[in-house]
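Visitor: Before anything else, here's the structure in question.
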Amino acid sequence: MKRSKSREASKRIAYLNIGSNLGDTRANIEKAIDKIGEIFYPYCLSGFVDSEPWGFESSNPFLNIGMSFKTSIEPEELLAILKRIETTLSSGSHRDSEGQYCDREIDIDIMAIEGIRWHSERLVLPHVHLLEREFFLKPLLELNPEWHYPLETERGK
């Protein structure tokens, strides 16, 4: 009994942004929710948010949704799990041969993990480019209206 209480106490809420701008965006996101939900249950979802294309050569609008759940998994391991789900559900990589962003069936970003301001080469919480666009923040704020994070992010600290 004590063991499960301590495991529960070590859980934090993780907030994700799940987006798609290629193919049947709603169906893509629903597949991602199902895959993530198999691992992290129970979870909460925001409403869908539509957006315009931004920041690169793309004519495809984005569809995004926020998701939150409790987890005791460390951020790097959580990122690895989510990247495997992205790879399973997407036909191409995030970047082309020149390193430019590509349209994608599924893009899963960790927006925040409660109580952690943590950075590494692979994961920056939060992604500054996501925080600069209201359509990425809207799902997160729907899940947690109290959430606040400065726009400045430093790598490696």
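The values are calculated or read from the model by the stated rules, or taken from the named source; none is laboratory data. Source: prediction; values computed, not measured. Methodologically, a virtual Cβ is constructed for each residue, glycine included, from the backbone with ideal geometry; neighbour enumeration extends over all protein chains shown. Remember, those area values only see protein heavy atoms, side chains included, never the ligands or the DNA or RNA. Shrake-Rupley method; radii C 1.70, N 1.55, O 1.52, S 1.80 Å.
Visitor: Output the residues belonging to the stretch 67-84 that are open to solvent by less than 30 Å² (accessible area, probe 1.4 Å) and touching a strand residue (DSSP E or B) at 6+ places or on another chain (Cβ under 8 Å).
Guide: Met67, Ser68, Phe69, Thr71, Pro75, Leu78, Leu79, Leu82 - these are the residues of the stretch 67-84 that are open to solvent by less than 30 Å² (accessible area, probe 1.4 Å) and touching a strand residue (DSSP E or B) at 6+ places or on another chain (Cβ under 8 Å).
Visitor: Condition first: without any contact (Cβ under 8 Å) to a residue 24 or more places away in the chain, open to solvent by 80 Å² or more (accessible area, probe 1.4 Å) and either in a helix (DSSP H, G or I) or touching a His at 6+ places or on another chain (Cβ under 9 Å) (or both). Now tell me which residues in the stretch 7-44 satisfy that.
Guide: Within the stretch 7-44, Glu8, Ala9, Glu30, Asp34, Glu38 meet the criteria.
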